[in-house]
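See structure below.
We did not get these values from a lab; they are worked out from the coordinates using the rules stated. Because the structure is predicted, anything quoted here is derived from the model rather than measured. Here the Cβ is made from the backbone with ideal geometry for all residues, glycine too, and neighbour counts use every protein chain on show.
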Amino acid sequence: MKFRTNHASADFGIVLAMLAMLGGCGGMYDSYVSGTVTLDGSPLPRGTVCFVPVAHGPRGYGLILSEGSYFVKIGTEKGIPSGEYQVTVVSKEKSIETRPGMPPMPGKSITPAWYHTPRSSGLRMTVVAGSNEINLELTNEPPPDWKPPKRQRR
């Protein structure tokens, strides 16, 4: 007795089995980072947190929600690779519409300027595999070595 196999249905079964195995693995990154951002003890109302890898790899971003909470993603993927990161935080007041039909002017910065760049923020974090709660407690007190950037002439 000879059995005939349908190659298309066999291939479809293999693909389904592979998808089932991958289904429980979660996203493509091994670490998840969330927390709250405060400035002098008060939650920031809006803004962006950026995790910049010290070695190499993609940057992770999180939007700061009204109660100061954030969750880091890379693009649309939840999570980031584990490793060492320098963190930046930028928060501005709401945009001001100046003229109808024109883009709004950005609001005044809420966060001090030293938190805006990886080199000056002073926020260096280790992210481990799994879930990481990293609360960022910012202050208006400048770091001892802070020097405001020189203004460029136009």
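Annotation note: Cβ proximity below 7 Å between a residue of the range 34-50 that is among the basic types (Lys, Arg) and a residue that is part of a strand (DSSP E or B) (sequence gap 6+ or interchain) occurs for Arg46/Ile64. When Gly107, Gly101 are screened for being touching an Asp or Glu at 6+ places or on another chain (Cβ under 9 Å) and either surrounded by 11 or more Cβ atoms within 10 Å (Cβ to Cβ) or of a type outside the set (D, E, K, R) (or both), only Gly107 passes. Among the residues of the range 66-79, those identified as over 13 Å from Leu136 (Cα atoms) and touching a Lys or Arg at 6+ places or on another chain (Cβ under 8 Å) are Ser66, Ile74, Gly79.
Total residues in the range 35-58 satisfying the condition of being loosely packed, with under 15 Cβ neighbours inside 10 Å and within 14 Å of the chain's Cα centre (by Cα): the figure is 1.
Yes or no: Leu123 hydrophobic (A, V, I, L, M, F, W, C) and within 11 Å of the chain's Cα centre (by Cα)? No; evaluated as a whole, the condition is false for this residue. The one condition from (1) farther than 15 Å from Val49 by Cβ; (2) outside any loop (DSSP other than H, G, I, E, B) that Pro100 does not meet is (2).
When the residues of the range 118-139 are filtered to those that are without any contact (Cβ under 8 Å) to a residue 40 or more places away in the chain and closer than 17 Å to Gly62 by Cβ, which remaining residue is surrounded by the fewest Cβ atoms within 10 Å (Cβ to Cβ)?
From the range 118-139, those without any contact (Cβ under 8 Å) to a residue 40 or more places away in the chain are 119-123; that's our starting set.
When the remaining residues are screened for being closer than 17 Å to Gly62 by Cβ, the result is 121, 123.
On the way: Ser121: 22, Leu123: 20.
Result: Leu123.
Lys94 fulfils the conditions (1) outside any helix (DSSP H, G or I); (2) within 21 Å of Leu138 (Cβ to Cβ); (3) of a type in the set (D, E, K, R); (4) out of contact with any Gly (no Cβ under 6 Å at 6 or more places or on another chain) except for a single criterion, (4).
Does Ile80 meet the test of being within 16 Å of Val37 (Cα to Cα), surrounded by 12 or more Cβ atoms within 10 Å (Cβ to Cβ) and without any contact (Cβ under 8 Å) to a residue 60 or more places away in the chain? Here the answer is no, as Ile80 does not meet what is asked.
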